[in-house]
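Visitor: Just dropping this structure here.
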Protein chains: 2
Amino acid sequence: MNISINTTLVKRKTTASSKKTAPEKKRPKILVCNDDGIDAEGLDALAKAMKKIGEVTVVAPLTHQSGMGHAMTLGKPLRINKWHKYKKFFGYAVNGTPVDCVKTAMTQILKHQKPDLMVSGINYGSNTAINVLYSGTIGAAIEASFFGVPSIAFSLTTYENADFTYAAKFAQKLAREVLKHGLPAETLLTVNIPNLPEKEIKGVMITSQGKSKWEEEMVERNDTYGQPYYWLRGVMTLYDGSLEADEYAIRHGYVSITPISYDLTNYRFMETLRQWNVKK
Amino acid sequence: MNISINTTLVKRKTTASSKKTAPEKKRPKILVCNDDGIDAEGLDALAKAMKKIGEVTVVAPLTHQSGMGHAMTLGKPLRINKWHKYKKFFGYAVNGTPVDCVKTAMTQILKHQKPDLMVSGINYGSNTAINVLYSGTIGAAIEASFFGVPSIAFSLTTYENADFTYAAKFAQKLAREVLKHGLPAETLLTVNIPNLPEKEIKGVMITSQGKSKWEEEMVERNDTYGQPYYWLRGVMTLYDGSLEADEYAIRHGYVSITPISYDLTNYRFMETLRQWNVKK
């Protein structure tokens, strides 16, 4: 680990490449986060892909934060660490959750200077169906959208033998589209990419958050003192039969793009609820 | 603290009161959780209120878990502790998040025997607008709905001088309604109750998740070694002007009931997205 405490603000610099594109075509500012931590391979791949299209700031958790959803840190202080990779400054590592990273990036590192785009990932493992709620990768992207920044969460559908080549290429392509079109209010994208070589990818599906579910159990074991402890184990079971559902699409070799909104209101049910006996 | 390790399963018993209601009218089974922890006053108030209408199992975090959203524990084992209050068995304390508590309750304590209702809270502090995403109280209720259990999250709009009297009474009333009507698929209720005496409550509004936002900053301080640390500070700023938005309703003395869904798909945006250049 190569950590040093840092509080210096990120100052915008004219890079060599942008100097060439006279009369000063502004490169988009891109914030890059993840939940697997600052040292994750997928973060590196995503940051590299984004550097080809914009000016990148990386702010990621110091440690692994999978399954942290939209958790934020309230009861303890955060530290901002300058992180180096390949002997060069890479980004900022925050000792908190993915959501903490975005809050720290927006308020302290970027001083409320909104980036043009925020991307999160590339996550190890798919984030389909109810994993949308568990995912720290998506949590970070939702948090960026709270700040009004268009955001995309990227996940690769494997935990092992990950090859981020095509995922990074696709991330770059989709990032350009979001920079071009923007996103509706309160809306972000979550993208799942099969861990396949490009030639085996069947296509791209626009999907909904599917109905697939974890079948879970708690495994009981005894510790070395004979006391029981519990560890969750689960299998994602497919409950969809259409390429328009995220989990089904990725299992059939398609990239899945799901637009999600952080307004969780079930508007259709409001009128029914008004008929209930829920007076004071 | 009165903790002892426990792995005994909860076995259904015929209580004295249900014996009286021949020919055996079954009392509903109610799971009670929270995010403020097993020792919180609001949990006590909610459990007491629920015991008047059903058979209660309390499973709550061992420590304070505010702001944990839908976080779950992946990387370390969980323990289940038997917790006593007023010299009687009160419930189970789990050393994890609110979501962990629900998973532990459903898989290990209740052994997949679905309760008829799950209630979460009563939380210290309102859970309106984007707090729906940050809230561990709501996280627990969403998790219960993953298991197909109708669920309600309750929050009292204060951190200080909390009076749970009216909130507990209203919780009981709404719980009976949910037990009677059920809830639509993938839908749960989140309820915010002003910290007022009953006579000052103006009424009950069915609301949407409002657009109010945190205006946040990171406060920088130096530790005793001169090293900087950061602590988030924020103020919830009202961006709604109607009693049909949660934060506006509670600020005007109304109980707010918001139906929320855990399907986050922005269906309306899917067709637009299909027109983008997002081919393979």
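Visitor: Inspect the range B:120-139 for any residue being out of contact with any Gly (no Cβ under 8 Å at 6 or more places or on another chain), within 21 Å of B:I53 (Cα to Cα) and touching a residue at least 24 places away in the same chain (Cβ under 8 Å) and give the result as yes or no.
Guide: The answer is yes; a qualifying residue exists.
Visitor: Checking the conditions here, which among A:E200, A:E143, A:E177 is facing chain B (nearest Cβ under 8 Å) and either touching a helix residue (DSSP H, G or I) at 6+ places or on another chain (Cβ under 9 Å) or modelled with pLDDT of 95 or more (or both)?
Guide: Sole residue among the options that is facing chain B (nearest Cβ under 8 Å) and either touching a helix residue (DSSP H, G or I) at 6+ places or on another chain (Cβ under 9 Å) or modelled with pLDDT of 95 or more (or both): A:E177.
Visitor: When you scan the range A:261-277, do you find a residue that is assigned to a strand (DSSP E or B), facing chain B (nearest Cβ under 8 Å) and without any contact (Cβ under 8 Å) to a residue 60 or more places away in the chain, even just one? Quick ask: steps written out before the conclusion?
Guide: If we filter the range A:261-277 for residues that are assigned to a strand (DSSP E or B), which is where we start, we get A:261, A:265.
Filter again for facing chain B (nearest Cβ under 8 Å), leaving A:261, A:265.
Then drop every residue that is not without any contact (Cβ under 8 Å) to a residue 60 or more places away in the chain, which leaves A:265.
Yes, the conditions are met somewhere in the range A:261-277.
Visitor: For the range B:77-112, name all the residues that are of a type outside the set (D, E), touching a residue at least 12 places away in the same chain (Cβ under 8 Å), within 14 Å of chain A (Cβ to nearest Cβ) and out of contact with any helix residue (DSSP H, G or I) (no Cβ under 8 Å at 6 or more places or on another chain). Let's see the steps before the verdict.
Guide: Taking the range B:77-112 and keeping what is of a type outside the set (D, E), we get B:77-99, B:101-112.
Those left that are additionally touching a residue at least 12 places away in the same chain (Cβ under 8 Å): B:78-85, B:90-99, B:101-106, B:108-111.
Now restrict to residues that are within 14 Å of chain A (Cβ to nearest Cβ): B:78-82, B:92-99, B:101-106, B:108-111.
Those that are of a type outside the set (D, E), touching a residue at least 12 places away in the same chain (Cβ under 8 Å), within 14 Å of chain A (Cβ to nearest Cβ) and out of contact with any helix residue (DSSP H, G or I) (no Cβ under 8 Å at 6 or more places or on another chain): B:R79, B:N81, B:K82, B:A93, B:N95, B:T104, B:A105, B:Q108, B:I109, B:L110, B:K111.
For every residue, the table says whether it meets (1) crowded, with 23+ Cβ neighbours inside 10 Å; (2) more than 10 Å from chain A (Cβ to nearest Cβ).
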position	(1), (2)
B:V119	yes, yes
B:F154	yes, yes
B:T158	no, yes
B:K173	no, no
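Visitor: Considering each residue of the range B:113-140, count those that are touching a helix residue (DSSP H, G or I) at 6+ places or on another chain (Cβ under 7 Å) and in a loop (DSSP other than H, G, I, E, B), and give that number.
Guide: Count: 6.
Visitor: Can you report the number of residues in the range B:188-197 which are within 14 Å of the chain's Cα centre (by Cα) and either more than 12 Å from B:T128 (Cβ to Cβ) or more than 10 Å from chain A (Cβ to nearest Cβ) (or both)?
Guide: Taking the range B:188-197 and keeping what is within 14 Å of the chain's Cα centre (by Cα), we get B:188-193.
Add one more test, that the residue is either more than 12 Å from B:T128 (Cβ to Cβ) or more than 10 Å from chain A (Cβ to nearest Cβ) (or both), and what stays is B:188-189, B:192-193.
Within the range B:188-197, residues that are within 14 Å of the chain's Cα centre (by Cα) and either more than 12 Å from B:T128 (Cβ to Cβ) or more than 10 Å from chain A (Cβ to nearest Cβ) (or both) number 4.
Visitor: Restricting attention to the range B:246-254, does a residue exist that is closer than 28 Å to B:Y166 by Cα, hydroxyl-bearing (S, T, Y), crowded, with 19+ Cβ neighbours inside 10 Å and at the interface with another protein chain (Cβ under 7 Å from one of its Cβ atoms)? Before you say what the answer is, go through the steps one by one.
Guide: Taking the range B:246-254 as the starting set, the residues that turn out to be closer than 28 Å to B:Y166 by Cα are B:246-254.
Imposing the further condition that a residue be hydroxyl-bearing (S, T, Y) reduces the set to B:248, B:254.
Going one step further and asking which of them are crowded, with 19+ Cβ neighbours inside 10 Å, we end up with B:248, B:254.
Okay, now just the ones that are also at the interface with another protein chain (Cβ under 7 Å from one of its Cβ atoms), so none.
Checked the range B:246-254: no residue is closer than 28 Å to B:Y166 by Cα, hydroxyl-bearing (S, T, Y), crowded, with 19+ Cβ neighbours inside 10 Å and at the interface with another protein chain (Cβ under 7 Å from one of its Cβ atoms).
Visitor: Further, regarding this structure: Being more than 8 Å from chain B (Cβ to nearest Cβ), in a helix (DSSP H, G or I) and basic (K, R), is that true of even one residue in the range A:228-241? Outline the logic, then answer.
Guide: From the range A:228-241, those more than 8 Å from chain B (Cβ to nearest Cβ) are A:233-241; that's our starting set.
Remaining after also requiring in a helix (DSSP H, G or I): none.
No.
Visitor: Can we say B:N81 is outside any helix (DSSP H, G or I), under 12 Å from the mean Cα position of the chain (by Cα) and among the polar types (S, T, N, Q)?
Guide: Numbers: outside any helix (DSSP H, G or I): yes; under 12 Å from the mean Cα position of the chain (by Cα): no; among the polar types (S, T, N, Q): yes.
Criteria not met by B:N81.
Visitor: For the range A:71-109, name all the residues that are among the charged types (D, E, K, R) and over 21 Å from A:I152 (Cα atoms).
Guide: Restricting attention to the range A:71-109, the residues satisfying the condition of being among the charged types (D, E, K, R) are A:76, A:79, A:82, A:85, A:87-88, A:100, A:103.
Passing the criteria: A:K76, A:R79, A:K82, A:K85, A:K87, A:K88.
Visitor: For the subset of the range A:201-222 comprising residues that are touching a Pro at 6+ places or on another chain (Cβ under 8 Å) and surrounded by fewer than 21 Cβ atoms within 10 Å (Cβ to Cβ), which member is farthest from A:S155 (Cα to Cα)?
Guide: Residues of the range A:201-222 touching a Pro at 6+ places or on another chain (Cβ under 8 Å): A:201, A:206, A:220-222.
Subsequent filtering for residues that are surrounded by fewer than 21 Cβ atoms within 10 Å (Cβ to Cβ) retains A:201, A:220-222.
Numbers: A:I201: 15, A:E220: 31, A:R221: 32, A:N222: 35 Å.
Among them, the one singled out is A:N222.
Condition check ((1) surrounded by fewer than 23 Cβ atoms within 10 Å (Cβ to Cβ); (2) at pLDDT below 95) across all residues:
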position: A:K11; (1), (2): yes, yes
position: A:S18; (1), (2): yes, yes
position: A:D36; (1), (2): no, no
position: A:I53; (1), (2): yes, no
position: A:G69; (1), (2): no, no
position: A:F90; (1), (2): yes, no
position: A:Q108; (1), (2): no, no
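The values are calculated or read from the model by the stated rules, or taken from the named source; none is laboratory data. Computed from a prediction, not measured in an experiment: that's the story for all the values here. Using ideal geometry, Cβ is built from the backbone for each residue, glycine included, and neighbour counts are taken over all protein chains shown.
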